[in-house]
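What follows is a short report on a single structure.
The values are calculated or read from the model by the stated rules, or taken from the named source; none is laboratory data. Note that this is a predicted model, so its numbers are computed, not measured. Here the Cβ is made from the backbone with ideal geometry for all residues, glycine too, and neighbour counts use every protein chain on show.
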Amino acid sequence: MSVLRLIFNIAWFIMGGFVMGLAWWLAGLLCFISIIGIPFGRACFVIGEMAFWPFGQENVNRKHLKGFEDIGTGPLGMIGNVIWFLFCGIWLAIGHLTHAVACFVTIIGIPFAIQHVKLALLSLTPIGQTVVAKESY
């Protein structure tokens, strides 16, 4: 991990990443309460880790990464994303967009705002996505 990436991740963690990472993990815990929500909860914990330390990571469609469709990248994944959007996705997206607006107000916060917008888009349709290190993709 480069020093600059480490500095950005620490600043991110202090300026909103901690709150949104906890929000993702809380959504994951709520999903684990029901048996049907376990795949959603797993995705929440993976993306929550990215919400804590986003610099140096990116989300990728598993179909493009693996080269073939799985249950989360096909029609069932689309249905799962619609269910996710209605129950949790919209709220996490609003949280990320609120943080993004607060970061966009300052010049120095623009890189953080961009990361919040990326996570807001990911929070709308996380099923079928995975998080990878930028060097490995």
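How many residues does region 6-35 contain that are over 20 Å from residue 81 (Cα atoms) and within 12 Å of the chain's Cα centre (by Cα)?
Within region 6-35, the subset over 20 Å from residue 81 (Cα atoms) is 6-19, 22.
Remaining after also requiring within 12 Å of the chain's Cα centre (by Cα): 17, 22.
Number satisfying all stated conditions: 2.
Please specify each residue of region 42-70 satisfying the condition of being of a type in the set (Gly, Ala, Ser) and surrounded by 18 or more Cβ atoms within 10 Å (Cβ to Cβ).
Start the filter on region 42-70 by keeping residues that are of a type in the set (Gly, Ala, Ser), which leaves 43, 48, 51, 56, 67.
Hits for region 42-70 are 43, 48, 51.
In this structure, is residue 38 of a type outside the set (Lys, Arg), within 15 Å of the chain's Cα centre (by Cα) and either closer than 16 Å to residue 89 by Cα or crowded, with 18+ Cβ neighbours inside 10 Å (or both)?
Spelling it out, it is not the case that residue 38 is of a type outside the set (Lys, Arg), within 15 Å of the chain's Cα centre (by Cα) and either closer than 16 Å to residue 89 by Cα or crowded, with 18+ Cβ neighbours inside 10 Å (or both).
What number of residues in region 71-89 are loosely packed, with under 14 Cβ neighbours inside 10 Å and either touching a helix residue (DSSP H, G or I) at 6+ places or on another chain (Cβ under 8 Å) or of a type in the set (Ser, Thr, Tyr) (or both)?
Residues flagged as loosely packed, with under 14 Cβ neighbours inside 10 Å and either touching a helix residue (DSSP H, G or I) at 6+ places or on another chain (Cβ under 8 Å) or of a type in the set (Ser, Thr, Tyr) (or both) within region 71-89 amount to 1.
Residues of region 17-49 being aliphatic (A, V, I, L, M) and under 19 Å from residue 116 (Cα atoms), which ones?
Within region 17-49, the subset aliphatic (A, V, I, L, M) is 19-20, 22-23, 26-27, 29-30, 33, 35-36, 38, 43, 46-47.
Answer for region 17-49, where residues must be aliphatic (A, V, I, L, M) and under 19 Å from residue 116 (Cα atoms): 19, 20, 22, 23, 26, 27, 43, 46, 47.
Among the residues of region 119-127, is any surrounded by fewer than 19 Cβ atoms within 10 Å (Cβ to Cβ) and under 30 Å from residue 3 (Cβ atoms)?
yes
Spot the failing condition for residue 55; the list is (1) modelled with pLDDT under 95; (2) assigned to a helix (DSSP H, G or I), and only one is missed.
Of the numbered conditions (1) modelled with pLDDT under 95; (2) assigned to a helix (DSSP H, G or I), the odd one out for residue 55 is (2).
For (1) touching a residue at least 40 places away in the same chain (Cβ under 8 Å); (2) over 25 Å from residue 34 (Cα atoms); (3) not basic (Lys, Arg), each residue gets a yes or a no:
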residue	(1), (2), (3)
59	yes, yes, yes
63	yes, yes, no
79	no, no, yes
84	yes, no, yes
94	no, no, yes
105	no, yes, yes
113	no, yes, yes
125	yes, no, yes
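Residue by residue through region 97-115, note down the ones that are part of a helix (DSSP H, G or I) and more than 17 Å from residue 5 (Cβ to Cβ). Step through it out loud before you land on a result.
Restricting attention to region 97-115, the residues satisfying the condition of being part of a helix (DSSP H, G or I) are 97-104, 110-115.
The answer is 97, 98, 99, 100, 101, 102, 103, 104, 113.
Restricting the first residue to region 3-22 and requiring it to be assigned to a helix (DSSP H, G or I), which pairs with a second residue that is of a type in the set (A, V, I, L, M) meet a Cβ separation below 6 Å and a spacing of at least six or different chains?
So the pair list comes out as 20/51; 21/51.
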